[in-house]
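Beneath this line is the structure, given in structure tokens, with notes to follow.
Each value in this text was obtained by applying a stated rule to the coordinates, not by laboratory testing. No experiment lies behind these values; they were computed from the predicted model shown. Heads up, the Cβs are rebuilt from the backbone with ideal geometry, glycines too, and the neighbour counts pull from every protein chain shown.
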Amino acid sequence: MDERILHYELRCKSCGAPMLLPVGMIGRLFALPDTQPNSSYAIAAVCRQCKSVDTYFLERNHPRHTPDYIEKFAYPIRDTMDGPMLGCGEEGCRALLPLIAQWIPETPTKERKAEVETWRWGHLQCPAGHSIAKPDWELL
Ligand SMILES: [Zn+2]
Ligand SMILES: [Zn+2]
């Protein structure tokens with residue numbers, strides 16, 4: 001049986017490794033116009049290869065959109081975490097970035113937490129271009 005689902009295949013901005021993120025899950029985060037985290041289809045994704053956390057603009061009309069991605073069908077082989085929402089630190093800016101990270105399904109919570117400690121922050125931007133600092137947040 002074919003259980004492939006549609007994914008975005010992004011290229012990590014730091015190391016170029018491919019990242020397969022499920023389109024449906026990300027679509028749900030942006031499904032309701034009133035509760036969209038931002039209006040640019042912007043997400044924060046963590047590269048499994050180099051642990052770099054970066055911003056990807058999936059909205060093709062956005063001036064800083066991420067041109068280098070495709071959509072393709074693939075088997076979902078990883079647990080994908082949707083959220084939490086990272087808030088922009090700029091006063092008056094209400095943009096949020098959903099943080100997307102992936103693990104192979106068997107990874108115990110303890111190892112996931114340890115991996116979160118190795119993530120490399122510093123590249124995140126909200127859709128208005130403000131930088132977003134590493135959040136004060138803990139994986140549950
Ligand atoms: Zn990378
Ligand atoms: Zn902002």
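Under 13 Å of direct C-alpha separation, and excluding same-chain neighbours fewer than eight residues apart, K113 reaches these aspartates and glutamates: E138.
Looking at the chain, which longest stretch skips every one of the GluC sites (Glu not before Pro) that is in a DSSP loop with at most 14 other Cβ atoms within 10 Å, leaving the sites themselves out? By the stated rule (loop sites, at most 14 other Cβ atoms within 10 Å), 4-89. Taking the Cα atoms of the chain, the ratio Rg/Rh between the radius of gyration and the Kirkwood radius comes to 0.94.
Comparing I100, I43, I77 in a Gaussian network model of the chain where C-alpha atoms under 10 Å apart are linked, the largest mean-square fluctuation is found at I77.
Whole-Hz Karplus values for region 108-115 come out as x, 3, 4, 5, 5, 4, 4, 5 Hz, taken residue by residue from phi with 6.51 cos²θ - 1.76 cosθ + 1.60 and θ = phi - 60°; glycine and proline positions read x. Largest GNM mean-square fluctuation across L20, L124, L32, computed for the chain with C-alpha springs under 10 Å, falls on L32.
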